[in-house]
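The values are calculated or read from the model by the stated rules, or taken from the named source; none is laboratory data. In this text the structure is predicted, and so the values were computed from the model without any measurement. Note: areas computed on protein heavy atoms with side chains; ligands, DNA, RNA excluded. Shrake-Rupley method; radii C 1.70, N 1.55, O 1.52, S 1.80 Å.
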Amino acid sequence: GARIEEAAARALNTVRQVMPARLRHRIDALQITAVERPGSRTDPQVDSGVIMALSAAVHARQVLRFDYSPPRGEDDGVWTPPRRVQPHHLVSRGGRWYLVAWDLDREDWRTFRADRITPRTPAGPRFTPRELPGGDVAAFVTGRFRGSGGSDGSGDWPCRGEVILDLPAAVVSRYTRDGLVEELGPNRCRLVLGSWSWPGLAAAIGRFDADFEVVGPPELKDAFEHLARRYAAATGPRPPLTG
(Lines give C-alpha, C1' and ligand atoms only; values in the text may rest on other atoms or scores of the structure.)
Protein backbone atom coordinates (compact mmCIF):
# COMPACT_ATOMS: atom_id res chain seq x y z
CA GLY A 1 0.00 0.00 0.00
CA ALA A 2 2.88 2.46 0.40
CA ARG A 3 5.98 1.33 -1.48
CA ILE A 4 6.98 -0.49 -4.66
CA GLU A 5 10.30 -2.26 -4.26
CA GLU A 6 12.50 -3.55 -7.08
CA ALA A 7 11.25 -7.15 -6.76
CA ALA A 8 7.62 -6.02 -6.81
CA ALA A 9 8.23 -3.90 -9.91
CA ARG A 10 9.80 -6.90 -11.70
CA ALA A 11 6.86 -9.08 -10.69
CA LEU A 12 4.38 -6.50 -11.93
CA ASN A 13 6.11 -6.37 -15.31
CA THR A 14 6.14 -10.20 -15.52
CA VAL A 15 2.44 -10.38 -14.72
CA ARG A 16 1.70 -7.78 -17.39
CA GLN A 17 3.40 -9.87 -20.07
CA VAL A 18 1.09 -12.85 -19.50
CA MET A 19 -2.14 -10.95 -18.95
CA PRO A 20 -4.80 -10.86 -21.70
CA ALA A 21 -4.79 -7.64 -23.73
CA ARG A 22 -8.26 -6.75 -22.40
CA LEU A 23 -6.88 -6.67 -18.82
CA ARG A 24 -3.43 -5.24 -19.52
CA HIS A 25 -4.77 -1.68 -19.44
CA ARG A 26 -5.29 -2.06 -15.66
CA ILE A 27 -1.51 -2.33 -15.25
CA ASP A 28 -0.73 0.34 -17.84
CA ALA A 29 -3.02 2.76 -16.01
CA LEU A 30 -0.87 2.52 -12.87
CA GLN A 31 1.36 5.54 -13.54
CA ILE A 32 3.37 6.56 -10.50
CA THR A 33 6.22 8.99 -10.06
CA ALA A 34 8.63 8.27 -7.19
CA VAL A 35 9.99 11.31 -5.36
CA GLU A 36 11.82 9.61 -2.53
CA ARG A 37 13.41 10.85 0.69
CA PRO A 38 14.45 8.93 3.80
CA GLY A 39 11.88 8.49 6.54
CA SER A 40 11.60 6.41 9.67
CA ARG A 41 8.07 7.10 10.85
CA THR A 42 5.18 4.66 10.56
CA ASP A 43 3.51 5.59 7.30
CA PRO A 44 -0.27 5.45 6.88
CA GLN A 45 -1.52 2.69 4.63
CA VAL A 46 -3.56 3.59 1.56
CA ASP A 47 -6.23 1.27 0.21
CA SER A 48 -5.09 -0.21 -3.09
CA GLY A 49 -8.49 0.64 -4.59
CA VAL A 50 -7.86 4.32 -3.88
CA ILE A 51 -4.42 4.16 -5.53
CA MET A 52 -5.92 2.48 -8.62
CA ALA A 53 -8.76 5.03 -8.80
CA LEU A 54 -6.38 7.99 -8.58
CA SER A 55 -3.99 6.49 -11.11
CA ALA A 56 -6.84 5.69 -13.51
CA ALA A 57 -8.08 9.30 -13.31
CA VAL A 58 -4.58 10.60 -14.03
CA HIS A 59 -4.23 8.22 -16.97
CA ALA A 60 -7.68 9.02 -18.43
CA ARG A 61 -7.42 12.78 -17.78
CA GLN A 62 -10.80 12.84 -16.09
CA VAL A 63 -12.00 15.31 -13.47
CA LEU A 64 -11.91 13.65 -10.06
CA ARG A 65 -14.36 14.26 -7.20
CA PHE A 66 -13.45 13.13 -3.68
CA ASP A 67 -14.02 13.72 0.01
CA TYR A 68 -10.90 14.95 1.78
CA SER A 69 -10.73 14.17 5.48
CA PRO A 70 -9.06 16.67 7.84
CA PRO A 71 -5.72 15.90 9.51
CA ARG A 72 -5.86 13.57 12.50
CA GLY A 73 -7.10 15.40 15.59
CA GLU A 74 -8.48 18.37 13.64
CA ASP A 75 -11.97 17.08 12.80
CA ASP A 76 -14.42 19.75 14.01
CA GLY A 77 -17.47 17.92 12.72
CA VAL A 78 -18.24 20.57 10.09
CA TRP A 79 -19.24 19.14 6.71
CA THR A 80 -17.09 20.23 3.78
CA PRO A 81 -18.10 19.84 0.12
CA PRO A 82 -16.26 17.36 -2.12
CA ARG A 83 -13.15 18.56 -3.90
CA ARG A 84 -13.13 18.80 -7.70
CA VAL A 85 -9.72 18.53 -9.33
CA GLN A 86 -7.93 17.81 -12.58
CA PRO A 87 -5.47 15.07 -11.49
CA HIS A 88 -1.96 15.51 -12.85
CA HIS A 89 0.41 13.06 -11.09
CA LEU A 90 0.34 10.36 -8.44
CA VAL A 91 3.51 10.79 -6.38
CA SER A 92 5.31 8.66 -3.81
CA ARG A 93 7.49 10.63 -1.39
CA GLY A 94 9.02 9.34 1.82
CA GLY A 95 6.62 6.40 2.08
CA ARG A 96 3.47 8.47 1.58
CA TRP A 97 1.28 8.89 -1.50
CA TYR A 98 0.22 12.29 -2.83
CA LEU A 99 -1.98 13.48 -5.67
CA VAL A 100 -0.77 16.56 -7.54
CA ALA A 101 -3.78 18.23 -9.14
CA TRP A 102 -5.34 21.50 -10.32
CA ASP A 103 -8.13 22.44 -7.88
CA LEU A 104 -11.07 23.65 -9.97
CA ASP A 105 -12.77 25.52 -7.11
CA ARG A 106 -9.66 27.21 -5.74
CA GLU A 107 -8.12 27.72 -9.20
CA ASP A 108 -4.64 26.70 -8.06
CA TRP A 109 -2.32 23.70 -7.85
CA ARG A 110 -2.72 21.51 -4.78
CA THR A 111 -0.99 18.45 -3.31
CA PHE A 112 -3.36 16.03 -1.53
CA ARG A 113 -2.45 13.13 0.76
CA ALA A 114 -3.87 9.93 -0.73
CA ASP A 115 -4.62 8.37 2.68
CA ARG A 116 -7.12 11.19 3.31
CA ILE A 117 -8.87 10.86 -0.08
CA THR A 118 -12.17 9.02 -0.58
CA PRO A 119 -12.98 9.08 -4.33
CA ARG A 120 -16.56 9.66 -5.48
CA THR A 121 -18.21 8.15 -8.53
CA PRO A 122 -18.87 8.65 -11.30
CA ALA A 123 -15.78 10.38 -12.65
CA GLY A 124 -16.17 13.80 -14.22
CA PRO A 125 -15.58 14.91 -17.83
CA ARG A 126 -12.27 14.62 -19.62
CA PHE A 127 -9.99 17.65 -19.67
CA THR A 128 -6.98 19.00 -21.53
CA PRO A 129 -3.99 18.75 -19.15
CA ARG A 130 -2.48 21.98 -17.87
CA GLU A 131 1.27 22.40 -17.77
CA LEU A 132 2.66 21.97 -14.29
CA PRO A 133 4.63 25.04 -13.10
CA GLY A 134 8.25 24.46 -14.04
CA GLY A 135 7.28 21.34 -16.01
CA ASP A 136 8.99 19.05 -13.47
CA VAL A 137 6.80 17.23 -10.95
CA ALA A 138 9.78 16.26 -8.75
CA ALA A 139 10.94 19.89 -8.45
CA PHE A 140 7.38 21.08 -7.88
CA VAL A 141 6.62 18.62 -5.06
CA THR A 142 10.02 19.05 -3.43
CA GLY A 143 9.58 22.83 -3.48
CA ARG A 144 6.21 22.52 -1.77
CA PHE A 145 7.64 20.43 1.04
CA ARG A 146 10.59 22.75 1.51
CA GLY A 147 8.28 25.68 2.07
CA SER A 148 9.01 27.30 -1.30
CA GLY A 149 5.53 26.24 -2.35
CA GLY A 150 4.82 29.11 -4.65
CA SER A 151 3.75 28.41 -8.18
CA ASP A 152 7.18 28.55 -9.77
CA GLY A 153 7.92 24.87 -9.09
CA SER A 154 11.65 25.60 -8.85
CA GLY A 155 12.36 22.91 -6.25
CA ASP A 156 14.92 25.28 -4.63
CA TRP A 157 17.94 23.54 -6.27
CA PRO A 158 20.39 25.95 -7.94
CA CYS A 159 21.53 23.17 -10.31
CA ARG A 160 19.27 20.60 -11.95
CA GLY A 161 20.11 18.24 -14.80
CA GLU A 162 18.80 15.30 -16.79
CA VAL A 163 20.49 12.09 -17.92
CA ILE A 164 19.53 8.73 -19.43
CA LEU A 165 20.95 5.89 -17.32
CA ASP A 166 21.50 2.28 -18.40
CA LEU A 167 19.92 0.94 -15.21
CA PRO A 168 16.41 -0.20 -14.20
CA ALA A 169 14.23 2.58 -12.84
CA ALA A 170 13.43 0.49 -9.75
CA VAL A 171 17.13 0.41 -8.83
CA VAL A 172 17.79 4.11 -9.42
CA SER A 173 14.67 5.31 -7.57
CA ARG A 174 15.92 3.74 -4.32
CA TYR A 175 18.86 6.16 -4.18
CA THR A 176 17.59 9.42 -5.69
CA ARG A 177 16.06 11.13 -2.64
CA ASP A 178 14.51 14.23 -4.32
CA GLY A 179 15.00 13.01 -7.90
CA LEU A 180 12.49 12.06 -10.55
CA VAL A 181 12.92 8.64 -12.18
CA GLU A 182 11.03 7.59 -15.32
CA GLU A 183 11.23 4.06 -16.73
CA LEU A 184 12.26 3.92 -20.41
CA GLY A 185 12.76 0.14 -20.66
CA PRO A 186 13.79 -2.91 -18.63
CA ASN A 187 17.33 -1.56 -18.08
CA ARG A 188 17.05 2.10 -19.02
CA CYS A 189 15.58 5.13 -17.26
CA ARG A 190 15.48 8.92 -17.25
CA LEU A 191 16.83 10.65 -14.13
CA VAL A 192 16.24 14.30 -13.24
CA LEU A 193 18.29 15.32 -10.21
CA GLY A 194 19.27 18.49 -8.38
CA SER A 195 22.29 19.59 -6.37
CA TRP A 196 23.98 22.66 -4.93
CA SER A 197 26.73 22.67 -7.61
CA TRP A 198 27.26 21.28 -11.12
CA PRO A 199 30.35 19.21 -10.15
CA GLY A 200 28.40 17.86 -7.17
CA LEU A 201 25.53 16.87 -9.45
CA ALA A 202 27.91 15.18 -11.91
CA ALA A 203 29.54 13.25 -9.06
CA ALA A 204 26.14 12.17 -7.71
CA ILE A 205 25.18 10.76 -11.12
CA GLY A 206 28.55 9.05 -11.53
CA ARG A 207 28.06 7.06 -8.33
CA PHE A 208 25.51 4.86 -10.11
CA ASP A 209 28.45 3.19 -11.91
CA ALA A 210 26.58 2.77 -15.21
CA ASP A 211 26.78 4.11 -18.77
CA PHE A 212 24.68 7.22 -19.31
CA GLU A 213 23.81 9.99 -21.76
CA VAL A 214 23.66 13.63 -20.68
CA VAL A 215 20.45 15.27 -21.88
CA GLY A 216 21.24 18.69 -20.42
CA PRO A 217 21.80 21.43 -19.61
CA PRO A 218 25.23 22.42 -21.03
CA GLU A 219 26.49 23.23 -17.52
CA LEU A 220 26.12 19.57 -16.57
CA LYS A 221 28.11 18.44 -19.62
CA ASP A 222 30.83 20.96 -18.73
CA ALA A 223 30.92 19.59 -15.16
CA PHE A 224 31.45 16.03 -16.43
CA GLU A 225 34.31 17.22 -18.68
CA HIS A 226 35.84 19.07 -15.73
CA LEU A 227 35.69 15.97 -13.51
CA ALA A 228 37.02 13.77 -16.31
CA ARG A 229 40.13 15.96 -16.62
CA ARG A 230 40.57 16.02 -12.85
CA TYR A 231 40.26 12.22 -12.54
CA ALA A 232 42.58 11.64 -15.48
CA ALA A 233 45.19 13.92 -13.91
CA ALA A 234 44.85 12.07 -10.61
CA THR A 235 45.67 8.72 -12.25
CA GLY A 236 48.50 9.96 -14.50
CA PRO A 237 52.23 9.80 -13.77
CA ARG A 238 53.36 12.16 -11.06
CA PRO A 239 56.32 14.50 -11.67
CA PRO A 240 59.52 13.42 -9.88
CA LEU A 241 60.20 14.99 -6.52
CA THR A 242 63.03 17.52 -6.53
CA GLY A 243 65.41 18.57 -3.82
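Details
- To the nearest 10, the accessible area of PHE212 is 80 Å² with a 1.4 Å probe.
- Heavy-atom SASA rank of THR118, THR111 (probe 1.4 Å, accessible area, largest first): THR118, THR111
- Carbon and sulfur %, accessible surface of region 188-237 computed with the full protein complex present, 1.4 Å: 56
- Of the residues ASP136, ASP108, ASP209, ranked by 1.4 Å probe accessible area with the largest first, the sequence reads ASP209, ASP108, ASP136.
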